[in-house]
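Below is one structure, written out as structure tokens, with a few remarks after it.
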Amino acid sequence: MNRARLLHFNAALGPLDYKVPGDMNVEPGSVVVAPLGPRQIIGIVWEEERLPSDSVPDHKLRALIEVLPVPPLRPELRRLIEWTADYYCARIASVARMVLASGGALRGPSTMIEYRLTGTEPERMTPQRAVALDALQGEQATIRELAEFASVSEGVLRGLVNQGALEPVEVDIDRPYPRPDPDFAQPKLSEDQQDVADRFTEAVEAKKFAPFLLDGVTGSGKTETYFEPLAAALRMDRQVLVLLPEIALTEAFLRRFEDRFGTPPVVWHSSLKSTERRRAWRAIASGEAKVVVGARSALFLPFARLGLLVVDEAHEVSFKQDEGVRYNARDVAVMRGHFEGVPVILASATPALESLQMAESGIYERLELPSRFGGATMPDVSIINLTEEKPERGRWLSPRLVEQLKLRLERGEQSLLFLNRRGYAPLTLCRNCGFRFQCPNCSAWLVEHRLSNRLSCHHCGHETTPPPACPECGELDCLVACGPGVERIADEVAEILPEARVALVTSDTLNSPEKAAAFVRQAEERMIDVIVGTQLVTKGFHFPELTLVGVVDADLGLEGGDLRAAERTYQQMAQVAGRAGRGAKPGEVLIQTRHPDAPVIAALAAGDRDAFYAAETEARRDAGAPPFGRWAAIIVSSEDEAEAREAARAIGGTRPSLPDVMILGPAPAPMSLLRGRYRYRLLINARRSAQVQNIIRDWLGELNFPQGVRVAVDIDPYSF
Ligand code: ADP
Ligand code: ZN
């Protein structure tokens, strides 16, 4: 090969051709360094015929500089990159960047330098140095990471290096990971579990694409069931990827994995240190890393020999990425399985309607675990009608729920209260003039966080300290908190049950794997009586002593711009209910609502999952919604409101008129201001078979917009 076409990451430029020096070996998939003007860029060698570009004559080509010492990206991954770009109307360069950027620095030697404290005090102490010395106890990372961690400049840390207070440590990037042992500790499976596990194992051994829906009630032991095919893949020296929705879940998973396989798996998520990230990326590419558990971005890792893919809690919304390349990791996982020719297991107790429909139509093979492991029973669910059983003034827990909480505390059992709202109160207003605290960058209220004494926006992260007086009328001590957040519920519990040990579980309190692990340990060791938490607690936790679950406000999820509000509410309620009664003692669930007759609530009360899915299926069919029809959204945004509106109008004005394709809008998006950008939205509703992507590409491809305008396409959107 003496010419090479490069896919690089500057999306504005498109593919570029280069000359390959005679002594250089490249093949499709090679990761190379090339000149671009005065700079150097990293790119991936691609098959010319798959990446059209204007041909440049040989003599005009510049030469590639070097090939990076990583295995070439395999064709299976290159096809996945192409498919993802095509399906989600994203630039192929943006998808390729997700694949490589996640590898961190690809260049350079197999060692990196990190720094750690030596214990020596610097000769000259400054306030900044003192801050750094305090913050960096027990830490080891690159200078840049340490600086970020300690919130000091890199210069401060370099000063500490010069003074001998920080020392360099050479880290071997290619040191091997311990190997999981497929036979370390084999559990005895129940008959149901064994049947399912055998079917999976057979599929792994067949080395063919096979999508499965593992549909098992909460507590049925789905994890144990997919650990068996995982062991089978290990015996075949194949790699396995397990996707989990939340890093808070990883710690519990790691321990279970270690109990079964003797060593923890390789972890992949966005907060890894650069040395860890690089080590993992390289070991995954070389095939050394056998089992990887990760967040959705792990889906684009360069596995050398994949044998099995698992998506646990596959219904979770966090598998949907809502910025950059807007993909759904659950669906891309199935495609990756297809390209790699390996089985894919989607596991859930509350599958998405789309997944159930795929099973119904025979595309996915559905395997069921209808009962809990070890004879535990499903909890009893009752409804508390808040319009009749009212909480006391200024309180949120009804008398019946309070009574049950007291009862559990007396019996030494655990309770969980669920409210999907971080902070103390969702709205703060002035009693005197009615002023409301709003985010300057978003169409959203600022949420009061009492623990951190902050008013903060949950969309852009904007924060201020609550002022002593109203910014509008200047009245002192006039601000009142409206409505409950989890912090407020935790306060209420502390007032009602002063002796109870209460744990608050939100992304504010459980913001690192270590904190998540500490929480799980405390809960298991029964150092916690009442857990108060957001959606974080609905997921995957297994606390055998937990016998009461109270849903503070079941109506919350039914508001807002969520296209799957009913399904999401059902899933959340069923998942949080599923935390109760997982041990020997039976569980009870109390759901507070103002709409006891809503189909979702009624189905939950009756424990009738089929009834809910049947009703939801009908509603979706009537609306032409997924899985019966398709949705896509075009979101136009700009920092300038008029510019955004104009651009949206221009798009609306050139809308294609096609049979069976309905185009709604433009209209202000439900979040009409987000992170300082004004947003308009067009919504496309079409038949399943319609080529929505082609329609959108043809439509938008014709248009030009001012610099400041961003046009994003969201295929199969969740919300806006
Ligand atoms: P699910 O994910 O289906 O809600 P889990 O996989 O968390 O359920 O399993 C529930 C509990 O039952 C866990 O504590 C798990 O360790 C235990 N368990 C499941 N299957 C077995 C088994 N075959 N042997 C021993 N313990 C099991
Ligand atoms: Zn904001």
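What to note about this one:
- Boolean, residue 366 is within 16 Å of ligand 1 (Cβ to nearest atom), over 25 Å from the mean Cα position of the chain (by Cα), closer than 30 Å to residue 213 by Cβ and of a type in the set (D, E, K, R): no
- Each residue in the range 504-525 was checked for being surrounded by 19 or more Cβ atoms within 10 Å (Cβ to Cβ) and either over 19 Å from residue 489 (Cα atoms) or not polar (S, T, N, Q) (or both), and 7 of them qualify.
- Filter result for the condition that a residue is without any contact (Cβ under 8 Å) to a residue 12 or more places away in the chain, away from ligand 1 (no atom under 16 Å from the Cβ), more than 27 Å from residue 678 (Cβ to Cβ) and part of a loop (DSSP other than H, G, I, E, B), over 474, 461: 474
- The set of residues from the range 8-56 being within 15 Å of residue 67 (Cβ to Cβ) and among the aliphatic types (A, V, I, L, M) comprises 20, 24, 26, 31, 32, 33, 34, 41, 42, 44, 45.
- Residues being without any contact (Cβ under 8 Å) to a residue 24 or more places away in the chain, farther than 16 Å from residue 92 by Cβ and either polar (S, T, N, Q) or not in a loop (DSSP other than H, G, I, E, B) (or both) - total across the range 3-56: 1
- Considering residues of the range 351-403 that are of a type in the set (D, E, K, R) and assigned to a loop (DSSP other than H, G, I, E, B) only, the residue nearest to residue 576 (Cα to Cα): 372
- Qualifying residues in the range 190-217 (those that are within 27 Å of the chain's Cα centre (by Cα) and assigned to a loop (DSSP other than H, G, I, E, B)) - the one nearest to residue 610 (Cα to Cα): 217
- All of (1) more than 30 Å from residue 356 (Cα to Cα); (2) of a type outside the set (Gly, Ala, Ser); (3) touching a Pro at 6+ places or on another chain (Cβ under 6 Å) hold for residue 649 with one exception: (3).
- Flag if residue 252 is away from ligand 1 (no atom under 14 Å from the Cβ), in the same structural domain as residue 353 (by the TED database) and buried (at least 20 other Cβ atoms within 10 Å of the Cβ): no
- Boolean, residue 582 is under 27 Å from residue 249 (Cα atoms), over 21 Å from the mean Cα position of the chain (by Cα) and either buried (at least 16 other Cβ atoms within 10 Å of the Cβ) or within 16 Å of ligand 1 (Cβ to nearest atom) (or both): yes
- Residue that is nearest to ligand 2 (Cβ to nearest atom) [pool: residues in the range 442-458 that are outside any strand (DSSP E or B) and without any contact (Cβ under 8 Å) to a residue 60 or more places away in the chain]: 457
- Test: residue 200 is within 15 Å of ligand 1 (Cβ to nearest atom), in contact (Cβ under 8 Å) with a residue 60 or more places away in the chain and more than 24 Å from residue 355 (Cβ to Cβ): no
- Figure legend. Inter-residue proximity from the range 122-140: first residues more than 30 Å from residue 172 (Cβ to Cβ) and assigned to a loop (DSSP other than H, G, I, E, B), second residues modelled with pLDDT of 85 or more and not hydrophobic (A, V, I, L, M, F, W, C), beta-carbon distance below 9 Å, spacing 6+ or different chains. Indicated pairs: 123/163; 123/164; 124/159; 124/163; 126/159.
- The set of residues in the range 320-367 that are in contact with an Asp or Glu (Cβ under 9 Å, 6 or more places away or on another chain), polar (S, T, N, Q) and more than 21 Å from residue 225 (Cβ to Cβ) contains only 328.
- Strands (runs of 3 or more DSSP E) enclosed by the range 501-619 - at least 1 residues per element that are more than 25 Å from residue 412 (Cα to Cα) and in contact (Cβ under 8 Å) with a residue 40 or more places away in the chain: 588-593
The rows are residues; the columns are (1) more than 16 Å from ligand 1 (Cβ to nearest atom); (2) assigned by the TED database to the domain that holds residue 239.
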residue	(1), (2)
335	yes, yes
339	yes, yes
345	no, yes
349	no, yes
374	no, no
384	yes, no
387	yes, no
395	yes, no
399	yes, no
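- Failed item in (1) of a type in the set (Ser, Thr, Tyr); (2) within 16 Å of ligand 2 (Cβ to nearest atom); (3) part of a loop (DSSP other than H, G, I, E, B), with residue 428 passing the rest: (3)
- If you filter the range 670-712 down to residues that are modelled with pLDDT under 90 and within 16 Å of ligand 2 (Cβ to nearest atom), you find that the one that is surrounded by the most Cβ atoms within 10 Å (Cβ to Cβ) is 671.
- Checked against (1) touching a Gly at 6+ places or on another chain (Cβ under 6 Å); (2) within 30 Å of residue 298 (Cα to Cα); (3) not aromatic (Phe, Trp, Tyr), residue 417 passes all but condition (2).
- Scanning the range 323-342 for residues that are outside any helix (DSSP H, G or I) and under 23 Å from residue 615 (Cβ atoms) turns up nothing.
- The set of residues in the range 504-529 that are at pLDDT 85 or above and of a type in the set (Lys, Arg) comprises 521, 526.
- Test: residue in the range 626-633 that is touching a helix residue (DSSP H, G or I) at 6+ places or on another chain (Cβ under 6 Å), of a type in the set (Gly, Ala, Ser) and modelled with pLDDT of 90 or more: yes
- Each residue in the range 431-441 was checked for being within 16 Å of ligand 2 (Cβ to nearest atom) and either assigned to a strand (DSSP E or B) or farther than 25 Å from residue 533 by Cα (or both), and 4 of them qualify.
- Flag for residue 463 being within 16 Å of ligand 2 (Cβ to nearest atom) and among the charged types (D, E, K, R): yes
The values are calculated or read from the model by the stated rules, or taken from the named source; none is laboratory data. Fair warning: this is a prediction, and the values are worked out from it, not measured in the lab. We place every Cβ from the backbone using ideal geometry, glycine too, and count neighbours over all the protein chains shown.
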